[in-house]
Amino acid sequence: MRILVAYLSYSGNTEEVAERINHLLSQEGNDVDMHRIGIDPPVDAESYQYIFLGTFTWEMGATPDEVKDFVLEVGYKPENVAVFGTGDTQFGGDDLFCRAAEKLAVFYHSKWPALKIEQSPRGFQETYIEQWLEGVLGNVRSYA
Ligand SMILES: Cc1cc2nc3c(=O)[nH]c(=O)nc-3n(C[C@H](O)[C@H](O)[C@H](O)COP(=O)(O)O)c2cc1C
């Protein structure tokens with residue numbers, strides 16, 4: 001399967017999640033491309049069977065502009081978009097926690113709930129990534 005992992009990260013948390021997802025997907029034998037939103041040249045979204053889209057959440061639950069630009073650049077709603085995000089409950093508690101990732105999952109009619117990681121995924125939250133990916137990969141395998 002050709003899979004795109006596109007993400008935006010300023011301070012590295014979302015990038016860590018993206019790299020872990022890349023590692024796990026590659027282990028499954030998938031052909032994974034990493035795309036740094038706002039840095040790398042535009043992608044041809046249609047050439048991927050699955051897109052993993054990662055973002056942090058900005059002020060008062062906002063989606064960063066670079067991610068909005070990426071959504072516009074893709075220009076349509078691909079069928080299989082799985083969304084992951086990092087955030088911090090110190091900024092508005094559970095209501096605003098990873099709100100950008102939640103909104104994107106709704107926007108893309110994602111088949112999976114957004115993965116929500118608090119700050120760095122290192123430590124106990126690594127299992128959240130693995131469990132979430134199991135859910136997504138169960139679907140990927142059935143299409144492989
Ligand atoms: C000014 C500011 C506002 C933030 N607002 C939110 C927010 O509303 N909800 C949330 O979950 N996290 C919020 N965060 C936390 C970041 O999303 C979190 O630190 C994230 O892991 C950063 O991702 P990155 O390391 O990939 O850049 C905010 C952080 C900053 C600096």
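The values are calculated or read from the model by the stated rules, or taken from the named source; none is laboratory data. Here the structure is a predicted model, which is why all the values come from computation and not from measurement. Neighbour counts run over all protein chains shown; Cβ positions are idealised from the backbone, glycine included.
Take the residues in the range 43-60 that are aliphatic (A, V, I, L, M) and within 16 Å of the ligand (Cβ to nearest atom), then tell me which one is nearest to L137 (Cα to Cα).
Looking at the filtered set, the residue picked out is L53.
If you check T14, T89, which single one turns out to be within 16 Å of the ligand (Cβ to nearest atom), part of a loop (DSSP other than H, G, I, E, B) and either of a type outside the set (D, E) or surrounded by 15 or more Cβ atoms within 10 Å (Cβ to Cβ) (or both)?
Details: T14 fails: part of a loop (DSSP other than H, G, I, E, B).
Being within 16 Å of the ligand (Cβ to nearest atom), part of a loop (DSSP other than H, G, I, E, B) and either of a type outside the set (D, E) or surrounded by 15 or more Cβ atoms within 10 Å (Cβ to Cβ) (or both) holds for just one of T14, T89, which is T89.
Can you find a residue in the range 69-78 that is within 16 Å of the ligand (Cβ to nearest atom) and in contact with a strand residue (DSSP E or B) (Cβ under 8 Å, 6 or more places away or on another chain)?
Yes.
Is it the case that V106 is farther than 18 Å from S9 by Cα, β-branched (V, I, T) and part of a helix (DSSP H, G or I)?
Taking the combined requirement at face value, the residue satisfies it.
Against the condition at pLDDT 95 or above, of a type in the set (A, V, I, L, M) and either buried (at least 20 other Cβ atoms within 10 Å of the Cβ) or within 22 Å of E134 (Cβ to Cβ) (or both), how does I39 come out, does it pass?
Considered against the rule, which asks whether it is at pLDDT 95 or above, of a type in the set (A, V, I, L, M) and either buried (at least 20 other Cβ atoms within 10 Å of the Cβ) or within 22 Å of E134 (Cβ to Cβ) (or both), I39 comes out as no.
Here are T55, T89: which of them is modelled with pLDDT of 95 or more, under 23 Å from Q131 (Cα atoms), over 13 Å from the mean Cα position of the chain (by Cα) and of a type in the set (S, T, N, Q)?
Criteria check complete, one pass: T89.
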